[in-house]
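Report on the structure given below.
The values are calculated or read from the model by the stated rules, or taken from the named source; none is laboratory data. The structure displayed is predicted, hence computed values, not measured ones. Note that each Cβ is placed from the backbone with ideal geometry, even for glycine, and that neighbours are counted across all protein chains shown. Note: areas computed on protein heavy atoms with side chains; ligands, DNA, RNA excluded. Shrake-Rupley method; radii C 1.70, N 1.55, O 1.52, S 1.80 Å.
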Amino acid sequence: MKRLITFISTLFLLSSIASAGNLFDHRLLEVEANLPVNLSNNYFSIKDIFFTGDGIITIDLKDMANTLPKSGFGLIAEVSPDVGINLNFNKFKVGAIVGVDLYGNIGLGKGIIDFLGNGNELNKDIEAEASFNLDLFAYAKVPVDLKIRRLSLNFSPSLFFPVVHGALESAKATVTNDESGKFSVNVNGVAAMYGICDISKFFTDSGVAFNPQDLLTILTDAFSNKNFGFDMEGGIGWGYTKAFNVSVNYRFPIFPGRLNYKTSVGYEFNYEATAATISSAQPETTSTPMSTSVCEYVINRPLKLNITAVFDPFHSRNFTLTGMAGFAVRHPFSSNIEEVDFYPEYNFGVRLSLANIITVNVNTSYIDQIYEHKAGLAFNIRLAEVRAGISVQSSSFITSFQATGIGAYLTVFAGL
């Protein structure tokens, strides 16, 4: 009898919480802070780095040469913190958010890894190229959400500042081993960094020197030089039924941001020897001094377009399935066609929630060229809400299941 009473009481409590779910749906006025971090590669796993026993990372070059894909070794880092304030009504929401987007990737061609792991054949050159890309944007946006019966609209006009863009203009390594016994290595590259100011002045003989007082001057100059760009992101959705909603989401550049200074540096390495001179031969190195020139480099944030479908079979938002498919273009409309990078994106997720008080999310995705498998947990007591999650990831789909990268996020809301 006691068990029956307990069971009925539990059902009544859960029913009461569910019926009062709207109490926890949103805060009228809230502030938010969000910090997502991602770091991944396509070979070294978390186990290889943190659980080696003796604290030493062993690099098996032969295994790397036989395991890595044709694209070679890749490393991606991404950090996107933001803070904001939101005003939420039942069918209308508006906010203001400022944040930073930092994205960087490094690639090492397969050829040089093949040489280090397996050597090379006589009279056959081994060539490999390297790649590097770095983008840092600061932005401010005003998100607006509207709901008119089955129609939902959201748009976020965004003002962004490109702070830094870095790239390897050229980077190539050539290894030759001919039948006469001659062995030669040539490595050369030119790196360029574009900025809203002359970044070379921050590099000294003793390292990097930056005076925080210069930040205000830099920002003032950026406004006066009209370095900022403008883009629009948002979406339009339609609820076909109470259980099924489809939306089209986008981010389109309106006009690009500008970087006014280009800093370049070059390097070349040459080594040539025979079997008789390999121990005494000396390499020759040449470096081009860092130089800065005035330029006008235009850049946009990535263009994005996708279709998202949400299935809510119980019309309660306590259990939903989400699917997204689309594409993105990094450096859209760049004058350098080699920098334009087109890639697909997708996301599939499951959300379980108890009246929006405790929520669990699980999803798998390919976004910003990172394959990610993520689990998250949220606690909401109306006055405050905390969302946190962790993921395993990689720049390669196969190694993403081997945890060759890790990601985490933390989001905090507080308000009334």
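Counting heavy atoms of the protein chains alone, residue 316 has an accessible area of about 50 Å² for a 1.4 Å probe. Figure legend: label point modelled 7 angstrom from the Cα of residue 125 along Cα→Cβ; residues of the range 262-277 with amide N under 18 Å from it are 268-273. PRE reach from residue 250 (point 7 Å along Cα→Cβ): which of the range 331-373 fall under 14 Å by backbone N? Counting only backbone N, you get no residues. A dipole drawn for the chain from +1 and -1 charges on Cβ atoms has a positive end, and of 146, 314, 328 the residue lying farthest that way is 314. To the nearest 0.05, how large is the calculated FRET efficiency for residue 170 and residue 321 if R₀ is 51 Å and r is the Cβ-Cβ distance? Computed FRET efficiency for residue 170 and residue 321 comes out at 0.60. The calculated FRET efficiency for the pair residue 236 and residue 296, based on their C-beta separation and a Förster distance of 30 Å, comes to about 0.30.
Using 0.36 nm per residue and subtracting the Cα-Cα separation, the extra length available between residue 281 and residue 221 on full extension is 16.5 nm. Rounded to the nearest 10 degrees, the angle from helix 2-19 to the longest Cα principal axis of the chain is 70 degrees. Relative to the current alpha-carbon distance between residue 342 and residue 28, full extension at 0.36 nm per residue lengthens the span by 109.1 nm. Answer with a single label: of (i) 76, 54, 44; (ii) 62, 49, 41; (iii) 93, 60, 40, which was calculated as Cα extents along the principal axes in Å from the structure in view? Answer label, from the structure shown: (iii). The range 143-188 and the range 350-416 have Cα centres spaced 25 Å apart. If Lys and Arg each add +1 and Asp and Glu each add -1, what is the summed charge of the other residues whose beta carbon sits under 9 Å from the beta carbon of residue 413? Summing Lys/Arg as +1 and Asp/Glu as -1 gives -1.
Note on the chain: GNM, Cα springs under 10 Å; of 392, 100, 187, the largest mean-square fluctuation is that of 187. A simple count of charges around residue 190, restricted to other residues whose Cβ falls under 13 Å of its Cβ and scoring Lys, Arg +1 and Asp, Glu -1, yields -1. Each of residue 307 and residue 335 was given a label point 7 Å from its Cα along the Cα-to-Cβ line. The distance between the two points is 3.7 nm.
Rounded to the nearest Hz, the phi-derived 3J(HN,Hα) couplings of the range 132-137 under the Karplus curve 6.51 cos²θ - 1.76 cosθ + 1.60 (θ = phi - 60°) are 8, 9, 9, 10, 10, 10, where x marks glycine and proline.
Computed per residue of the chain from DSSP H runs no shorter than four, each worth -39500 (n - 2.57), the mean residue ellipticity at 222 nm is -3500 deg cm²/dmol. So, R0 is 25 Å and r is the distance between the beta-carbons of residue 48 and residue 375; what FRET efficiency does that work out to, to 0.05? After rounding, the FRET efficiency stands at 0.65.
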